[in-house]
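Written below as C-alpha cells is the structure these notes are about.
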C-alpha cells in the first residue's frame, strides 16, 4: 500500500468534500484504535493529528504491555485483570511487536515488601491472568538472582522473583492500527491541526483544520467528534482543566555500562517509586519518573533533575556501573493525560464547562490509570486517562458512546462489535502461532544473511519485512546501514516515506527507526543524507531538505537533552 505524500492532496481534498460519520482528533494509540474499530464497523472515519502519528505520549512510554503489577498494591484489581486479558490478546494480534520479556524483581531485607509478600503478589498476578502467562513466575535465591542480573547489589539481597510481561514498540503499535484503519477506508491526515469546531444549523458539526505542511485551512463536516487528544485535551476543548498531567522521563545508556538481558524492577531509594531497567535493542533504558506537569505538553523535556533521579536509582541497584550524566546517550519525556477528578465530579464539571477540582491524592504515582469517557453538550465525546496496554478495550468503549451520537445526528444506527476487531494487525497477518513468526525470521535471515538485521526487521514490520527486503534487493545501496553499529538500513527510510505516512525527517529518524534514541550521535551525522533520500521520494527541493535537517537538529537540541553535547 502506498501511503506517502503523493496521497496527501487526495486525502485533504476528501476531508474537505465528504461528511463523515466520525472525526477523531488525535493520532495517538487511542485515536488510531478508535479509527480502526469504527472503520471495521463500516463508518466513514477521518483522523486528524497535529504532528506525526503517535508523536505525543504514545511514543514516549516505557514500551511495555503489562498488567501493572504495582497497581495490585493500590487495590486496582479490576484494572490489572483487564490489562492482563488485553496483554494476552495483543501478544497474538501484534505478535511481531509485542514480544515476551522476562522481569526480575529483587527483594532486599530492608524492603517494605518481603519475599513472602512478593510471592503472594505474583501468585495473584498469575491468577488474574488466568494463567495465560508466557511462563509462570519463579522464585530465585539471592545467589541465583546475582547470577542472572549482572552487577546487581548483593548486600542485603534476600532473593528475587522472575516473571514475564511483554515489551513493545509503542509508536509502531500506533502505526499498525493506522495502517489497518486506512486499509478499511479511514482518511488519515497527520500534521493537520484542529483549531476549532462548531455545530451548524442543520445539526452537522464542522471541524476547522490547519494543514501545517501546506498552510491551507479548511473545514471537515461530521456527525460526531471524538476527542482523543491526550495531554492536549484541555487545550482542544477549552472547557477548563479536567486533566492532571504527569511527566514521565526515560534515559538511554550504553549497554556496555549497564548490561541487562532481564528487565529489572527497582524501587527508588528516595521515594520508593517503582521503575525499571529495560533492555532496549543494543542499549539499556532507565525509567520512568512521575511528576506533576503544568504546561504545554509539547514543551515537556527531560531536565537535569529527572536524569539525576533515574541515575540515583541505577546507582543504588547497580553500584558498580558508576553511571553519570555523560553516559546518557538520549532521553525522552512523555506527558500522561491522567484524569484530575473522580467520575461524577468530572461529569458535572464537563456539563457545566467549569474547571474540575484538584484530585485529592498528592502523589502523582497514586493517580489512577483508569480512563474516563464523557459526552459533552453538543455531542463531542472525550476520553482521557488509561494506559497503553488497555488501548483496544478503551477504544471499544469510546466507540459505544460515539455510535449513539452518530445515530442521534441522523447517521447510521448503532453497530455492535464485529469479529475483525480481535483480528491481527497488518504486520501480524499469518502469524497466529509463534512458530510462524520464527519461520518468518529464518526466511528473512536466509534472504539477507544478516541475522541481527533480519530479526530486527521482523520484529519491526512483521510480514511487511519482506517488502523492505525486496527494496534492499532492488537497490543494493539501500542495504547499507545508516550507522555501522546499528541494524537500521536505508531501505527503511525509503519504506517509511512510501508506505508509512512519514512526511518529515523527524517522523523517520525519531519514530519509524528510533535512530535518535539508539545512535550515540543521535543521527546528526546522517541527517543530511537521510533528508536527501527522503527528498528524492517526497519531492523536496534543496531549501526544503536543509529546512528538514535544521528542524531535526533543533529537535535533538531541545527534545533530547543529555549530558553530551548535541552538536
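The values are calculated or read from the model by the stated rules, or taken from the named source; none is laboratory data. Only a predicted model underlies this, so the values are computations on that prediction, with no experimental measurement involved. In this analysis, Cβ positions are derived from the backbone assuming ideal geometry, glycine residues included, and neighbour counts consider all displayed protein chains.
Looking at the structure I just gave you, is residue 260 closer than 23 Å to residue 387 by Cβ and in contact with a strand residue (DSSP E or B) (Cβ under 9 Å, 6 or more places away or on another chain)? Judged against the criteria, residue 260 is not a match. Of the residues examined, residue 219 is one that is surrounded by fewer than 20 Cβ atoms within 10 Å (Cβ to Cβ), in a strand (DSSP E or B) and either touching a helix residue (DSSP H, G or I) at 6+ places or on another chain (Cβ under 8 Å) or in the same structural domain as residue 152 (by TED's automatic domain parsing) (or both).
Name the one entry in 175, 179, 237, 213 that is surrounded by fewer than 22 Cβ atoms within 10 Å (Cβ to Cβ), closer than 20 Å to residue 7 by Cα and in contact (Cβ under 8 Å) with a residue 60 or more places away in the chain. Result: 213 is the single residue among 175, 179, 237, 213 that is surrounded by fewer than 22 Cβ atoms within 10 Å (Cβ to Cβ), closer than 20 Å to residue 7 by Cα and in contact (Cβ under 8 Å) with a residue 60 or more places away in the chain.
Residue by residue, here is whether (1) exposed (fewer than 15 other Cβ atoms within 10 Å of the Cβ); (2) not in a strand (DSSP E or B) holds:
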{"residue": "271", "(1), (2)": "yes, yes"}
{"residue": "278", "(1), (2)": "no, no"}
{"residue": "285", "(1), (2)": "no, no"}
{"residue": "289", "(1), (2)": "no, yes"}
{"residue": "295", "(1), (2)": "yes, yes"}
{"residue": "301", "(1), (2)": "no, yes"}
{"residue": "305", "(1), (2)": "yes, yes"}
{"residue": "310", "(1), (2)": "no, yes"}
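Scanning segment 240-259 for residues that are over 22 Å from residue 56 (Cα atoms), touching a residue at least 24 places away in the same chain (Cβ under 8 Å) and out of contact with any helix residue (DSSP H, G or I) (no Cβ under 8 Å at 6 or more places or on another chain) turns up 255, 259.
So, residue 515, is that one surrounded by 22 or more Cβ atoms within 10 Å (Cβ to Cβ), on the phi < 0 side of the Ramachandran plot, free of Cβ contacts under 8 Å to residues at least 40 places away in the same chain and not assigned by TED's automatic domain parsing to the domain that holds residue 52 or not? Yes, satisfied.
When restricted to residues that are in contact with a helix residue (DSSP H, G or I) (Cβ under 7 Å, 6 or more places away or on another chain) and more than 30 Å from residue 53 (Cβ to Cβ), segment 143-183 contains 9. Checked against the criterion of being over 30 Å from residue 157 (Cβ atoms) and out of contact with any strand residue (DSSP E or B) (no Cβ under 6 Å at 6 or more places or on another chain), the candidates 193, 217, 244, 205 yield just one match: 244.
Could you go through segment 194-205 and let me know if any residue there is modelled with pLDDT of 95 or more, in a strand (DSSP E or B) and within 24 Å of residue 336 (Cβ to Cβ). So far as segment 194-205 goes, yes, one or more of its residues are modelled with pLDDT of 95 or more, in a strand (DSSP E or B) and within 24 Å of residue 336 (Cβ to Cβ). Report yes if residue 88 is under 20 Å from residue 396 (Cα atoms) and out of contact with any helix residue (DSSP H, G or I) (no Cβ under 6 Å at 6 or more places or on another chain), otherwise no. Yes; evaluated as a whole, the condition is true for this residue.
Residues in segment 22-44 that are over 15 Å from the mean Cα position of the chain (by Cα) and not in a helix (DSSP H, G or I): 22, 23, 24, 25, 41, 42, 43, 44. Filtering segment 144-155 to residues that are surrounded by fewer than 19 Cβ atoms within 10 Å (Cβ to Cβ) and not in a loop (DSSP other than H, G, I, E, B) leaves 144, 146, 147, 148. Restrict the check to segment 92-104 and report whether at least one residue is modelled with pLDDT of 95 or more, assigned to a helix (DSSP H, G or I) and more than 30 Å from residue 235 (Cβ to Cβ). There is at least one residue in segment 92-104 that is modelled with pLDDT of 95 or more, assigned to a helix (DSSP H, G or I) and more than 30 Å from residue 235 (Cβ to Cβ).
In segment 327-341, the count of residues that are over 19 Å from the mean Cα position of the chain (by Cα) and loosely packed, with under 15 Cβ neighbours inside 10 Å is zero. Can you work out which of the residues in segment 128-143 that are at pLDDT below 95 and loosely packed, with under 14 Cβ neighbours inside 10 Å is farthest from residue 78 (Cα to Cα)? Among residues in segment 128-143 that are at pLDDT below 95 and loosely packed, with under 14 Cβ neighbours inside 10 Å, the one farthest from residue 78 (Cα to Cα) is 135. The helices (runs of 4 or more DSSP H) falling completely within segment 486-567 that include 1 or more residues that are at pLDDT 95 or above and farther than 18 Å from residue 59 by Cβ map to 490-499, 527-538, 542-559.
Give the number of residues within segment 35-53 that are over 17 Å from residue 412 (Cα atoms) and in contact with a strand residue (DSSP E or B) (Cβ under 6 Å, 6 or more places away or on another chain). The total comes to 3. When segment 24-47 is filtered for residues that are touching a helix residue (DSSP H, G or I) at 6+ places or on another chain (Cβ under 9 Å) and either surrounded by fewer than 24 Cβ atoms within 10 Å (Cβ to Cβ) or within 15 Å of residue 223 (Cα to Cα) (or both), the ones remaining, listed by number, are 24, 25, 35, 38, 39, 40, 41, 43, 44, 45, 46, 47.
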